[in-house]
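Reading through the structure tokens given below for one structure.
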Amino acid sequence: MIDARLERRQRLTGIALICATVVFFAGLDTTAKYLNHSMSTVQVVWARYTGGFLLALVLSNPISRPALMRTSRPWLQIGRSLLLLGSTAFNFLALRWLQLDQTTAIMFSTPFLVAVLSGPLLGEWVGWRRWAAIIVGFAGVLLVTRPGFGGIHSAAALSALSVVCYGFYMIATRILARTDSNETTLFYSNLVGAVLMSALVPFFWSTPRDPRVIALMVLSGALGSIGHYLLIIAHRLAPPAVLAPFLYTQLVWAIAFSFLVFGELPNSWTLSGMAVVVASGLYLLHRDGRVGRQTVSGSLVE
């Protein structure tokens, strides 16, 4: 009885943490979209990764914990980190022209791509019911973008590239989870991103003069790192299949922040597409539970 109560408490805590996580990630996208008006996207991405790396450096302290930097698959860690960096850069760039709710809806198509890739790359093949959910979910994304029918800005293609990078990133994460700790993987993500963007940012640098802009640059790093940290703790307390449905609450925060900060509201096409994507994603998770597998959730890790 005590174990059952403890497990239930841990699951509820994990759910609460995942709900908090998506607030941080929605806040990160909002901050990135706002900063895009003041500087290049390269500088925005640099602020996110450099701030995240410095915060992780202080909290994790690899000097006193050298095991944090030990990985059995260093090239896969670097490749995975590059995929995450690419996903973040494409998403932030898309936010220059798209609304938060639009990019978020498109990014939530990631579980469908992961399900498709899991067969040839992980040996986890998809049955016909999940193929049906994948096709319906893709139709939901088409409702949001409406390509060729006067739909949203062509920058939706950048969001699609972000999804491709993120899908392969999630596959790499699943492979690394067999050998490396979450903290090690998170540390390399921030390290690689910070190093590469620090090499690029001098060519795009514009010195911010508004203290609010500087504060938002620092905040973007904190939002990303804290969001990742909460995500790790949540997955220690509860199974991914329990947590994944609550990741979709990020759509609610994306709509709220989009309206409060930019005065933007989703149109009927976006709302319809969102509903289809969420319904298909939840069904996909349900089928994964039925067949005894756990598909990587569609969290918007950046």
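The values are calculated or read from the model by the stated rules, or taken from the named source; none is laboratory data. Not measured: the values here are computed from a predicted model. A quick note on method: Cβ atoms are made from the backbone with ideal geometry, for glycine too, and the neighbour counts reach across all protein chains shown.
Any residue at all in region 141-150 that's in contact with a Ser or Thr (Cβ under 9 Å, 6 or more places away or on another chain), under 18 Å from Tyr248 (Cα atoms), at pLDDT 80 or above and surrounded by 17 or more Cβ atoms within 10 Å (Cβ to Cβ)?
No, every residue in region 141-150 fails to be in contact with a Ser or Thr (Cβ under 9 Å, 6 or more places away or on another chain), under 18 Å from Tyr248 (Cα atoms), at pLDDT 80 or above and surrounded by 17 or more Cβ atoms within 10 Å (Cβ to Cβ).
For the subset of region 47-77 comprising residues that are outside any helix (DSSP H, G or I) and of a type in the set (S, T, N, Q), which member is farthest from Tyr188 (Cα to Cα)?
Checking each candidate, the answer is Ser64.
Could you please find all residues in region 50-81 being surrounded by fewer than 18 Cβ atoms within 10 Å (Cβ to Cβ) and within 14 Å of the chain's Cα centre (by Cα)?
none
As an exercise: evaluate Ser118 against (1) of a type in the set (Ser, Thr, Tyr); (2) out of contact with any Gly (no Cβ under 8 Å at 6 or more places or on another chain); (3) at pLDDT 75 or above and give the number of the one condition it does not meet.
The one condition Ser118 does not meet is (3).
Take Ala222 and decide whether it is modelled with pLDDT under 80, surrounded by fewer than 21 Cβ atoms within 10 Å (Cβ to Cβ) and in contact with a Gly (Cβ under 8 Å, 6 or more places away or on another chain).
no
Tally time: how many residues in region 264-275 are among the aliphatic types (A, V, I, L, M) and crowded, with 20+ Cβ neighbours inside 10 Å?
So the answer is 1.
One line per residue, one yes/no per condition, for (1) closer than 19 Å to Gln43 by Cβ; (2) assigned to a helix (DSSP H, G or I); (3) hydroxyl-bearing (Ser, Thr, Tyr):
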{"position": "Gly79", "(1), (2), (3)": "no, yes, no"}
{"position": "Leu85", "(1), (2), (3)": "yes, yes, no"}
{"position": "Phe92", "(1), (2), (3)": "yes, yes, no"}
{"position": "Trp97", "(1), (2), (3)": "yes, no, no"}
{"position": "Ile106", "(1), (2), (3)": "no, yes, no"}
{"position": "Phe112", "(1), (2), (3)": "no, yes, no"}
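Pick from Ala194, Ala234, Ala172, Ala177: which is surrounded by 20 or more Cβ atoms within 10 Å (Cβ to Cβ), over 23 Å from Thr104 (Cα atoms) and aliphatic (A, V, I, L, M)?
Within the list Ala194, Ala234, Ala172, Ala177, the selection yields Ala194.
Please go through region 20-68 and give me each residue that is farther than 27 Å from Ser162 by Cα and either β-branched (Val, Ile, Thr) or touching a Pro at 6+ places or on another chain (Cβ under 7 Å) (or both), ordered by number. Let's see the steps before the verdict.
Initially, region 20-68 is screened for residues farther than 27 Å from Ser162 by Cα, giving 58-68.
The answer is Val58, Ile63, Leu68.
How many residues are out of contact with any Asp or Glu (no Cβ under 7 Å at 6 or more places or on another chain), touching a residue at least 24 places away in the same chain (Cβ under 8 Å) and either closer than 30 Å to Pro239 by Cβ or surrounded by fewer than 21 Cβ atoms within 10 Å (Cβ to Cβ) (or both) if we restrict to region 1-37?
So the first thing to find is which residues in region 1-37 are out of contact with any Asp or Glu (no Cβ under 7 Å at 6 or more places or on another chain), and the list is 1-24, 26-27, 29-37.
Next cut, touching a residue at least 24 places away in the same chain (Cβ under 8 Å) only: 10-11, 13-15, 17-24, 26-27, 29-36.
Filter once more, so that each one left must be either closer than 30 Å to Pro239 by Cβ or surrounded by fewer than 21 Cβ atoms within 10 Å (Cβ to Cβ) (or both): 10-11, 13-15, 17-24, 26-27, 29-30, 34, 36.
Total meeting the criteria: 19.
Of the residues Val44, Val116, which is in a helix (DSSP H, G or I), farther than 16 Å from Val195 by Cα and either without any contact (Cβ under 8 Å) to a residue 40 or more places away in the chain or not charged (D, E, K, R) (or both)?
Val116
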